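Visitor: Got a structure for you, questions after.
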Amino acid sequence: MPRFIGILVSLFVLSCLPLTAQAASHKAEELRKADALTEFSPPETFLTGYFLADEMEPSFLFGTVADFARSLKCPTTWLIEDADRARLAAPAEAGAPLEYTLYLEADRPTGVTYYVFLDQSAMTPKQWIEWRKQFHKSKAEGEYGATRDRLEKAVAEGMRVGGELRFIMENGELAPGKSPEAALLTELSFAPSYDLKQGKKLSR
């Protein structure tokens, strides 16, 4: 009887271990190697922040990032590209990028999904649009100005922004069809926390 009880206790402990503690599948290991990705611990400012899920004209803030990861109900691991890891480890330089890419790996029996985030937790809304001016030049204000103003209002109301969900990838390929924002609202059933266009918090 004591041995049987010991087995039950062991099974219970194993069932309570975090999903991220499980070994990666063969497919996940293959993709990590192909994309030069390694495990990474994101900063708390990113994990506890809210996130956008549409680059051009987001309607909502979702979150937190950590809540989204927990909602997936499968083994998950945060990954980073080797090049970005090296850049983050180097001494900071003036004008250095304020955002970098993180991959949330969802390792399922049916395949591996990457939720590709940008960590923007070090940015204010003003820095967010200034960074885009490097790539979009004079068009940035027209394309992103309204979103910046909405983000400033959201931040003033306590909605600290951690980043942006930029892509969803299935087994190494971009998922066809819906934008990340649409995917969150439909098949992922992850409710938004703030309506950017109406400028108000939403109950979840």
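Visitor: For residue 34, state whether it is buried (at least 18 other Cβ atoms within 10 Å of the Cβ), more than 12 Å from the chain's Cα centre (by Cα), touching a residue at least 40 places away in the same chain (Cβ under 8 Å) and not in a loop (DSSP other than H, G, I, E, B).
Guide: In short, no.
Visitor: To continue, here is another question. Give just the number: which of (1) closer than 27 Å to residue 201 by Cβ; (2) at pLDDT below 80; (3) among the charged types (D, E, K, R) does residue 160 not satisfy?
Guide: (2)
Visitor: Moving on to the next point. Looking at (1) over 19 Å from the mean Cα position of the chain (by Cα); (2) part of a helix (DSSP H, G or I), can you tell me which one residue 203 breaks?
Guide: Every listed condition holds for residue 203 apart from (2).
Visitor: If you check residue 54 against the conditions, is it outside any strand (DSSP E or B), charged (D, E, K, R), out of contact with any helix residue (DSSP H, G or I) (no Cβ under 6 Å at 6 or more places or on another chain) and touching a residue at least 12 places away in the same chain (Cβ under 8 Å)?
Guide: It is false that residue 54 is outside any strand (DSSP E or B), charged (D, E, K, R), out of contact with any helix residue (DSSP H, G or I) (no Cβ under 6 Å at 6 or more places or on another chain) and touching a residue at least 12 places away in the same chain (Cβ under 8 Å).
Visitor: I need the full set of residues from region 183-200 which are over 15 Å from residue 67 (Cβ atoms) and either over 15 Å from the mean Cα position of the chain (by Cα) or assigned to a loop (DSSP other than H, G, I, E, B) (or both), in order please.
Guide: Result: 185, 186, 187, 195, 196, 197, 198, 199, 200.
Visitor: Also, I was wondering about something else. Does residue 202 satisfy being more than 18 Å from residue 118 (Cα to Cα) and either in contact with a helix residue (DSSP H, G or I) (Cβ under 6 Å, 6 or more places away or on another chain) or surrounded by 16 or more Cβ atoms within 10 Å (Cβ to Cβ) (or both)?
Guide: Criteria not met by residue 202.
Visitor: Are there any pairs, at least 6 apart or on different chains, whose C-beta atoms fall under 7 Å, with the first in region 171-192 and under 25 Å from residue 29 (Cα atoms) and crowded, with 17+ Cβ neighbours inside 10 Å and the second β-branched (Val, Ile, Thr) and at pLDDT 90 or above, and if so, which?
Guide: Every condition considered, the pairs that remain are 180/168.
The values are calculated or read from the model by the stated rules, or taken from the named source; none is laboratory data. Everything numeric here is computed off the predicted structure, so don't read it as measured data. We place every Cβ from the backbone using ideal geometry, glycine too, and count neighbours over all the protein chains shown.
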